[in-house]
1. Looking for whichever is surrounded by 19 or more Cβ atoms within 10 Å (Cβ to Cβ), closer than 19 Å to B:ASN322 by Cα and out of contact with any helix residue (DSSP H, G or I) (no Cβ under 6 Å at 6 or more places or on another chain) here; the options are B:VAL294, B:VAL302. Which one fits?
2. Among the candidates B:PHE61, B:PHE46, which residue alone is out of contact with any Ser or Thr (no Cβ under 8 Å at 6 or more places or on another chain), surrounded by 14 or more Cβ atoms within 10 Å (Cβ to Cβ) and at pLDDT 85 or above?
3. Within the stretch A:258-301, how many residues turn out to be free of Cβ contacts under 8 Å to residues at least 40 places away in the same chain and out of contact with any strand residue (DSSP E or B) (no Cβ under 7 Å at 6 or more places or on another chain)?
4. Just need a number here: residues in the stretch A:263-310 that are open to solvent by less than 60 Å² (accessible area, probe 1.4 Å), more than 14 Å from chain B (Cβ to nearest Cβ) and part of a loop (DSSP other than H, G, I, E, B).
5. Do you know which residues across the stretch B:1-43 are at pLDDT 80 or above and within 14 Å of chain A (Cβ to nearest Cβ)?
6. Can you pull out every residue in the stretch B:237-262 that is in contact (Cβ under 8 Å) with a residue 24 or more places away in the chain and either under 19 Å from B:ILE421 (Cβ atoms) or not basic (Lys, Arg) (or both)?
7. Surrounded by 16 or more Cβ atoms within 10 Å (Cβ to Cβ) and over 19 Å from B:THR254 (Cβ atoms): which single residue out of B:ASN289, B:ASN280 fits that description?
8. Just a yes or no: is a residue in the stretch A:224-242 open to solvent by 60 Å² or more (accessible area, probe 1.4 Å), modelled with pLDDT of 95 or more and more than 14 Å from chain B (Cβ to nearest Cβ)?
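The values are calculated or read from the model by the stated rules, or taken from the named source; none is laboratory data. The structure displayed is predicted, hence computed values, not measured ones. Every residue, glycine as well, gets a Cβ built from its backbone with ideal geometry; the counts of neighbours run over all protein chains shown. Just the protein is used for accessible areas: all its heavy atoms, side chains included, with ligands, DNA and RNA removed. Shrake-Rupley method; radii C 1.70, N 1.55, O 1.52, S 1.80 Å.
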Amino acid sequence: MSVITYREAIRLALKEEMEKDDSTFIIGEDVGAFGGAMAVTKGLYDTFGPKRVVDTPISESAIIGAALGAALTGLKPIAEIMFIDFTGVCMDQIVNQIAKVKYMLGGQVKVPLVIRTQGGAGKGYAAQHSQSLEAWFCHIPGLKVVMPSTPRDARRLLKSAIRDQNPVLFIEHKVLYNEKGEVPEEEETFPLGKADVKRLGNDITITAHSRQVLNALKAADILFREKNIDCEVIDLMTISPIDEDTILKSVAKTGRLVTVEEGYENHGIGSEIVSRTVAKAFDYLDAEPIRVAFPNCPIPFSGPLEAAVLPDSKTIIDAVMKII
Amino acid sequence: MYSTVLMPRNGQSVESCIITRWFKKKGDAVKKGEIIFSYETDKATFDYESEFDGSILDVYFNEGDDVPVLTAVCIIGDNADTALRPTVEAKTSSESKKDSLVYTIARDISAGEGEEKHEDDMMSDSEKRIKISPRAKVLAKKMNIDYSSILHSGPNGRIVEKDIIALNKRANSTSSNENKQTGEKIEEVEKLESEDQEVKTLSHIRRIIAEKMLKSLSTTAQLTLNTSFDATDILEFRKRVNERGDILQLKKITINDIILYAVSRTILNYKDLNAYLIDNKITYFKNVNLGVAVDNKKGLLVPTIFNANKKSLNDISGEVKNLVEKCRNDSITPDLLQDATFTVSNLGMLGIESFTPIINPPQTAILGVCSMITKFKEKKGTLTPYPAIGLSLTFDHRALDGAKAAKFLKELKNLLEDFSINLVK
């Protein structure tokens, strides 16, 4: 086991997969010579050279379009979009082309493509650089959405994403890049579409993903110590397709559900989880399910304002106390 | 506007409290700070003071009821505001013989809660229904429980899983095995009241006592040694002291006081009897905290005289009177009901000639004092009567052996038979 950062874990997965398979390559803005806007790809340009770590002009459509073309012609691109907030620019390429081309061509093509990007608030980057927009992509059939919360998960989920033969959106969190965690020496993967129960409990089920998993675990710890409430915390890992079975099994045990996310509350990940739970585990519910999310407003630039609305462990504790 | 008064939760582990007394009834005016009712946990009694001015609009429990914590007990509001009253429906089901109420209590409305709608607003007046969570409903169906007359602990009058479990527990504790076997509805067992039977669930205090007694008898190796002593000396002594009592500003000394005093002076020579046995460790105490068993209408209480070995007979007597009074009028505090190292239980005034008192763990012994009976001494063929008071000492054989316990009794007996002389020491 070694202790490395989330950032280093991603870099490690990229290096491992690029070493294994010559057809993989990275493409994006500043990924090569500069080493990545978030320093994730630092050193890879030196190791693999400009043909496998490709710098592009500032054009998201070009990045994604080129990646799609490469995938269709036999390569395995790992495209980077610097901020998930910028995907608006290349939305057609992702949603109308990448997600649908295999289906529309009757399965005659393969699109083994990964789009890496990052989102999340907490650094004062304001409304257009701090969003959590995974819900947009979960809505589109043909795309998988994966979001790791720890260095270990980042490494094993990215490897699985790269090896997946279909398009995967791999969303990192800007606040997690410096978080340290244990990562095993041996290579490992984790199946896409499966959640990871990060804490077993009996009184209430809390689902979370990405950065909010850390807040959920902190809240569970406090709730147990101070109020003897035993929370089960489920890290979604793959947001789409979501691991319904794990969640429903948990709710059947506990009878109570709180979903946590950093995206806006309306029509978000929590909404999907709650509706499936009510539809399929209705008889097991002892209380109404609650969503914890970012409020339906643009993310403030002002530090104190941002902190006031960004969900944290206290927000989660309050939600649990409402229905326990 | 009205507010709901919930049974407070005094402590993490308290699950329910008994309402001991109502100071207000439905319709009474109440001011902030006035006591509305008093309630008890297994440790102490508390008074509930109103947080608002208003009148008592409705009361949901009676004196003696065991109420789960955080359940609505009553509501306080303005008499004028009838529109926002909680709804109270009389039970319509013909199955139930009990006169119970179904009630839904709407959320408290406070100024500024704009977004959250009053749940009752969403339904018309004629559509009031029982609120129950799906999980609880399924459980009730599985257990064959009629939940229409059940206490709810969920928000907005919702019955939740633990309410069904609680109801089932109550029903089971009063049902006979036979009923269970024939698979009859559990609710019918609860209604088993007829002319020659009365079914009551044990009160909180009773349940605590029951548990403690059973635990003591099943986890210790206790047995009782019986003896009696000649009370001539202490009777004489008592008479003289009480005659001069007022002049010397002494309390009225009783036989029990004398025995307590004697025990406190003797027991430290037999430290195994003034000790706690917990698992494999025995803790000896340098001072004697005497527990004195007192009977009160709700059950047995055992207040403590701390450091009795350092107190005079007069002090002990005064303290006993004080503690007994506190017990009888329910003003005893939890700190006075704990930490005894040895207990004395007197059934003498009730004519008991010997008995087997039950030890209060982790103590290792308890002394029972019995009634006075006339026994006869034989000396050179002549029989002389004398007043004898029985002593029954129960001790835990795991901590000490019979000989030691018997020696303690012997020394105690000697002290008591020559009390006035021994007092000099």
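1. Unique residue meeting the criteria: B:VAL302.
2. Details: B:PHE46 fails: out of contact with any Ser or Thr (no Cβ under 8 Å at 6 or more places or on another chain).
On inspection, the qualifying residue turns out to be B:PHE61.
3. The total comes to 16.
4. Number satisfying all stated conditions: 6.
5. Listed by number, the list is empty, since nothing qualifies.
6. The initial filter retains those residues of the stretch B:237-262 that are in contact (Cβ under 8 Å) with a residue 24 or more places away in the chain, namely B:237, B:250-262.
Those that are in contact (Cβ under 8 Å) with a residue 24 or more places away in the chain and either under 19 Å from B:ILE421 (Cβ atoms) or not basic (Lys, Arg) (or both): B:PHE237, B:LEU250, B:ILE253, B:THR254, B:ILE255, B:ASN256, B:ASP257, B:ILE258, B:ILE259, B:LEU260, B:TYR261, B:ALA262.
7. Among B:ASN289, B:ASN280, only B:ASN289 is surrounded by 16 or more Cβ atoms within 10 Å (Cβ to Cβ) and over 19 Å from B:THR254 (Cβ atoms).
8. The answer is yes; a qualifying residue exists.
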